[in-house]
Structure formats: structure tokens, C-alpha cells
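What follows is calculated from the coordinates using simple rules that are stated; it is not laboratory data. In this text the structure is predicted, and so the values were computed from the model without any measurement. Methodologically, a virtual Cβ is constructed for each residue, glycine included, from the backbone with ideal geometry; neighbour enumeration extends over all protein chains shown.
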Amino acid sequence: MTVDTVALIPRRPFAWKEFLLQSWFVARVSLLPTVLLALPFSVLTVFTLNILLVEFGAADFSGAGAAYGSVTQIGPMVTVLVVAGAGATAMCADLGARTIRDEIDALRVMGVNPLQALVVPRVVAATFVAVMLSSVVILVGLVGSFVFSVYVQHATPGAFAAGITLITGIGAVVIALVKAALFGLSAGLIACYKGMSVGGGPAGVGQAVNETVVYTFMTLFAINIIASAIGVEAIS
């Protein structure tokens, strides 16, 4: 299904209406949880890092650590956790309900390819929204880290701002967005596959939703390790 879906993405006609509806849906259910998760993750990272920097007498470099953590790990990770927990599960439940009601088979009888009509726009929407949300998480993480470092741990505002680009450049940002796109792509593919292969009635839909979350998280960590290793080698 993955190969067929990727092959159908550039083909016409593309289901733009379904893509826009799914993009809006995933963004609507994921935006607030993403922001609420980004703040504590960023603050916890900065708090721990600043304690070490103060011990070494290098508190002025708190911005460098905050930027590197937010861009390389917190942004993509928080994004896919929310997309997998909210958007992907909803996609799986929707397609699973259509499957057990024989709507997918009805589309095939009418000569409509369900992969092109339903799966492709959902996968592309999950990928697109994951990249957009990752950018929001990075921005929120940097702002939250700045406020916490300056007003709670008394770091110097100018030094924090100057350290943001010290070890985090455009290459790290590009790799972070690529990771977010891969996370969103894998979440969409897993959700659609589990939804399209549901069996056993309504109980099977619930089981497929649970499996979607578990498999997506497992895939997330595997992709993160591989992409991070490749990214480090590419930057260096």
C-alpha cells in the first residue's frame, strides 16, 4: 500500500477538497495539544541544561542549548506525538468505519480507486501539517525557553539571543523539517493501512486505532535515530 500510495501522489486527479478538509481537521485537533506539550518539554530541557551551564560558569550560552534542543529534537518529536495521538487515530477510525460499512468496496465497484480518493490526500495532509506544526513547536519552544531562562533563571537576554545561532544553523532546521515530514508521512501511512485493513466489526476498529498509536510511536523512534545520525553526518 505504501508503494501504491507514493506512486499515486503525483498522478491526476488529486483530491484537493479532501486534502484541505483533512489538513484543516488534523491542524485543528493538533495545534493546541502541540503548543501545550512544547512548553513543558522546552522548559524542562532548558532548566536542566542551564543548571549545568551555571555550574560551568557558561550561563550566557543557554540560548545555544535551547535552540539546538528545540530545533533538532523537541520540534519534530512533539509534533509527531500529537499528530499520531490525535490526527492519525481519527484517520484510522474514519477509514475503519468506512471499511466495515463496505464503503471502500462500493468505491471499487464504482471504478474509484480508494487509495487515490481517500488515502493519498490523508497521507499528504498528515505530512504537510506535521511540517507546519514542527515550525510552530520550534518557535514556541524558543520563546518559552527565552522567557524561562531570562525571567526565572536570570540569564542575560542579549547573550541568550546571540547564542541561538551559535551551533544551530540552516542545516539543522532543514533536517528537523525533513524529520517532521517523514514522521507525518509514516503516521499517515500507518493510520490509513490499519483503517483500510480493519476486520471484525466495530471492535476491530478500536483495535486498529490502538495499534496505529503503538506502531506509529515505534516507527517514530526508529526514524528519529536514523535521521538524526544521517543529519549529524551531513552537517559535519
| With labels modelled as points extended 7 Å from the Cα through the Cβ direction, what inter-label distance (nm, one decimal) is found for residue 54 paired with residue 31? | 3.6 nm
| field | Distance from the range 21-50 to the range 92-171 (C-alpha centre basis), Å | value | 10 Å
| field | Using alpha-carbon coordinates, inclination of helix 120-151 to the longest axis of the chain, degrees | value | 20 degrees
| query | In nm, to one decimal, how far is the modelled label at residue 24 from the one at residue 229, with both set 7 Å along Cα→Cβ? | reply | 4.3 nm
| task | Of the listed values (1) 7, 33, 39, 18, 2, 0; (2) 7, 29, 35, 21, 8, 0; (3) 8, 29, 29, 18, 10, 4, 1, 0, grab the one calculated as P(r) over Cα pairs in 10 Å bins from 0, in percent from the structure here. | result | (3)
| Taking only Cα atoms, what is the 0 to 90° angle, nearest 10, from helix 89-100's long axis to the longest principal axis of the chain? | 10 degrees
| said: What is the angle, in °, between the Cα long axis of helix 202-235 and the longest principal axis of the Cα atoms in the chain? Nearest 10 is fine, range 0 to 90. | reply: 40 degrees
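What ranking, highest mean first, results for peptides 70-78, 98-106, 203-211 when packing means the other Cβ atoms within 10 Å averaged over each residue? List each step's numbers first, then the result.
On the way: 70-78: 25.6, 98-106: 14.9, 203-211: 16.9.
In descending order of packing, they fall as 70-78, 203-211, 98-106.
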